[in-house]
1. Would you mind telling me which residue in 56, 118, 48 has the biggest mean-square fluctuation in a Gaussian network model of the chain, where springs connect alpha carbons within a distance under 10 angstrom?
2. May I ask for the longest run of the chain untouched by GluC sites (Glu not before Pro) that are loop-located per DSSP and have at most 13 neighbouring C-beta atoms (other than their own) within 10 Å?
3. Can you tally the net charge around residue 75? Count Lys and Arg as +1, Asp and Glu as -1, for every other residue whose Cβ sits under 13 Å from the Cβ of residue 75.
4. Provide 5, 79 in ascending order of the number of other Cβ atoms located within 10 Å of each residue's Cβ, fewest first.
5. How big is the charge dipole of the stretch 18-142 about its Cα centre, in debye rounded to the nearest 20, if each Lys and Arg gets +1 on its Cβ and each Asp and Glu gets -1 on its Cβ?
6. For mean projected area of the Cα convex hull in nm², several values are listed as [x] 10.5; [y] 7.7; [z] 8.8; flag the one computed from this structure.
7. Relative contact order for the stretch 1-133: what is it in percent, counting Cα pairs under 8 Å that are at least 6 residues apart?
8. In nanometres, what is the gap between the two model label sites at residue 139 and residue 17, each 7 Å from Cα along Cα-to-Cβ?
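Quick note: the coordinates plus some simple rules give every number you see, no bench work behind them. Since this is a predicted model, take the numbers as computed values, not measurements. Don't worry about glycine lacking a Cβ; one is built from the backbone with ideal geometry, like all the others, and counts go over all protein chains shown.
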Amino acid sequence: MAVVLEHPFTLSRPLDESFATVLDLERVIPCVEGGHVTERTSPDQVKAEIIVRMGAMSLTYTGTVDVVERDEAAHRVVLGVKSRESGGQGHASATVEFNLSEGGGTINTNAQITGKAASMGEGVVFGVLDAMIKDFAAKLGDL
């Protein structure tokens, strides 16, 4: 199942500082509800885990988050997320694009989900991801 979302966000810090913050995976990943870094594997990659609640179900995903593109002049960062459901056969991957501007920007998310989460239905998955990203965008503004 594929889900595409776009969310605006606001930031009060200078543009170059916001760009550096988005590249700091160890600060950004905990902004996702249930997410935390388990290991830094390189300057542009970390291993991470996230616990996602979908109704009565709680799913744990482990995987990697990579900085796959950075354009300092355009203040654009693209992260790649690849994860596997712990104890299951599901996968979740995403491309998360940050387009920063003075005072904020947008987060464009293109996610692919399989397994138990996908079996919940497109409406449920969309609702959970939409809420997670809105919460993430608010926390990002507080960094």
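1. Among 56, 118, 48, the largest GNM mean-square fluctuation belongs to 56.
2. Of all site-free stretches, the longest is 1-71.
3. Local net charge: -4.
4. By the 10 Å Cβ count, ascending: 5, 79.
5. 380
6. [y]
7. Worked out over the stretch 1-133, it gives 27 percent.
8. Each label point lies 7 Å from its Cα, and together they span 2.1 nm.
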